[in-house]
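Enquirer: Provided herewith is a single structure, encoded as C-alpha cells, for subsequent inquiry.
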Amino acid sequence: MKTLGYYNGRYDEIDNMTIPMNDRVCWFGDGVYDAGPCRNYHIFALDEHVDRFFNNAGLLKIQMPCTKEELKALLNDLVRKMDTGSLFVYYQVTRGTAVRSHEFPANCPANLWIMLKPQKAPELTEKIKLITVEDTRFFHCNIKTLNLIPSVMAAQKASEAGCQEAVFHRDGRVTECAHSNCHIIKEGILYTAPADNLILPGIARSHLIQNCKKLGIPVSETPYTLKELMDADEVLVTSSTKLCMSADEIDGRPVGGKAPELLKRIQDAVKSEFLEETATAD
C-alpha cells in the first residue's frame, strides 16, 4: 500500500477511509496523538512514543481501547503492509463517538486512528530559518492533544515568511516551536527549556539530552530568553521527524554558526543512534 489509514479495525488507503461525523474529534478535538519515523520497517523509539501516548490519554481521562503491547504489535503489523519501509507513523485516540455534548459521554468506547505515509529521513546538514511568535497557547502544552490551532497559525506565519518553524515565547522566555522543541548551545553547554507544562517533553528532545551527556556535553534544563536565543553559539530544533536540525536565521537576522564542530558531533550522534536502531526490521 502507498498510504494506510486505520480506524477501529478497518484499514485501507487513506483517501478511501471514512469516519463518523459524531466522533468527538470533529466537535472538540477531544483526543491525543503521537507520531514518529520508521525506517526499514522499524519504528524508531516506539516504546517511548507509546508510553507518552498512553500517559497523555490518561491525563485526559480517555480509556484506551487496547494495551500498550497490543498497539505496538498492531503498528508493527501495519507498517509491513506498506510499499516502503521509510514512513511517517501517526496515531491518535479520541474519546469516542456520541451526540455533541461537552461532558464525557457515558459508556462510549474510544476510537483508535492510525495513518501511515512515505517519508524520507531528514538531511541534518540543511539549515532552517525561524521566526518568533508570542505563545498564546493554554497551560497544558505538556499534553499532546489534538487542539493545535495556535501551532497551525504559527506554522502558517512561518511559511508565509519563508521560514520552516516558529519559535514560541512567553514574556520573553522561549518555550518551544510550533511542532518541535528548541535548544541553544552557549559556551559548550546545551540549554533546553525545562519539561514543565509550557512545553511538550519531546522524544527527540530526550534523545538529544541523552546523546549530549554521552558526549560529555553539559546540559542545563533551565528557561532561556529571546535575547539568549539570538546570541546563542548554535540554535537547535528537534522533532521525531526532523531529528536534530540547526537554524542560521531568526526573524531575518543571522544566528548560530559559532560552534560548528560541537554541532556536528551532536548531530552525528543523534543520526547514528537513529540509523543503528532502524538498521533492520523488527
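The values are calculated or read from the model by the stated rules, or taken from the named source; none is laboratory data. These numbers come from a predicted model, not from an experiment. Positions of Cβ are backbone-derived with ideal geometry, glycine not excepted, and every protein chain shown enters the neighbour counts.
Enquirer: Report whether or not L190 is surrounded by 14 or more Cβ atoms within 10 Å (Cβ to Cβ) and over 30 Å from L78 (Cα atoms).
Expert: Yes, satisfied.
Enquirer: What number of residues within region 232-249 are more than 19 Å from A158 (Cα to Cα) and among the acidic types (D, E)?
Expert: 2
Enquirer: Can you tell which of L215, L243 is closer than 26 Å to L46 by Cα, hydrophobic (A, V, I, L, M, F, W, C) and touching a Leu at 6+ places or on another chain (Cβ under 7 Å)?
Expert: Exactly one of L215, L243 is closer than 26 Å to L46 by Cα, hydrophobic (A, V, I, L, M, F, W, C) and touching a Leu at 6+ places or on another chain (Cβ under 7 Å), namely L243.
Enquirer: Just to verify a result, which residue in region 1-55, among those that are among the small types (G, A, S) and not in a loop (DSSP other than H, G, I, E, B), is farthest from K242 (Cα to Cα)?
Expert: Top of the filtered list is G31.
Enquirer: Within region 164-178, track down each residue that is part of a loop (DSSP other than H, G, I, E, B) and either outside the structural domain of D231 (by TED's automatic domain parsing) or surrounded by 19 or more Cβ atoms within 10 Å (Cβ to Cβ) (or both).
Expert: Residues satisfying the conditions are Q164, A178.
Enquirer: Do we find a residue being surrounded by 19 or more Cβ atoms within 10 Å (Cβ to Cβ) and touching a helix residue (DSSP H, G or I) at 6+ places or on another chain (Cβ under 8 Å) anywhere in region 55-67?
Expert: The answer is no; no qualifying residue exists.
Enquirer: For region 195-243, give me each residue that is among the charged types (D, E, K, R), crowded, with 20+ Cβ neighbours inside 10 Å and without any contact (Cβ under 8 Å) to a residue 60 or more places away in the chain.
Expert: R205, E234
Enquirer: Please go through region 244-269 and pick out each residue that is in contact with a helix residue (DSSP H, G or I) (Cβ under 8 Å, 6 or more places away or on another chain), aliphatic (A, V, I, L, M) and surrounded by 21 or more Cβ atoms within 10 Å (Cβ to Cβ).
Expert: I250, V255, I266 - these are the residues of region 244-269 that are in contact with a helix residue (DSSP H, G or I) (Cβ under 8 Å, 6 or more places away or on another chain), aliphatic (A, V, I, L, M) and surrounded by 21 or more Cβ atoms within 10 Å (Cβ to Cβ).
Yes or no, residue by residue, for (1) of a type in the set (S, T, N, Q); (2) touching a Ser or Thr at 6+ places or on another chain (Cβ under 8 Å):
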| position | (1), (2) |
| --- | --- |
| Q63 | yes, no |
| L71 | no, no |
| G96 | no, no |
| P118 | no, yes |
| H140 | no, no |
| K144 | no, no |
| P150 | no, yes |
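Enquirer: Filter region 215-235 down to the residues that are touching a helix residue (DSSP H, G or I) at 6+ places or on another chain (Cβ under 8 Å) and over 20 Å from P260 (Cβ atoms) and list them by number.
Expert: Within region 215-235, E221 is the sole residue that qualifies.
Enquirer: Does at least one position in region 105-118 carry a residue that is in contact (Cβ under 8 Å) with a residue 24 or more places away in the chain, surrounded by 15 or more Cβ atoms within 10 Å (Cβ to Cβ) and over 30 Å from D77 (Cα atoms)?
Expert: The answer is yes; a qualifying residue exists.
Enquirer: Something else about it: For region 62-82, which residues satisfy the criterion of being touching a strand residue (DSSP E or B) at 6+ places or on another chain (Cβ under 8 Å) and in a loop (DSSP other than H, G, I, E, B)?
Expert: Within region 62-82, I62, M64, P65, C66, K81, M82 qualify.
Enquirer: Test K157 against the stated conditions and say whether it is assigned by TED's automatic domain parsing to the domain that holds A204, buried (at least 19 other Cβ atoms within 10 Å of the Cβ) and of a type in the set (K, R).
Expert: No: the conditions fail for K157.
Enquirer: Ok, one more. If I filter region 27-40 down to residues being of a type in the set (F, W, Y) and surrounded by fewer than 18 Cβ atoms within 10 Å (Cβ to Cβ), which single residue comes out as farthest from the chain's Cα centre (by Cα)?
Expert: For region 27-40, the residue satisfying everything is W27.
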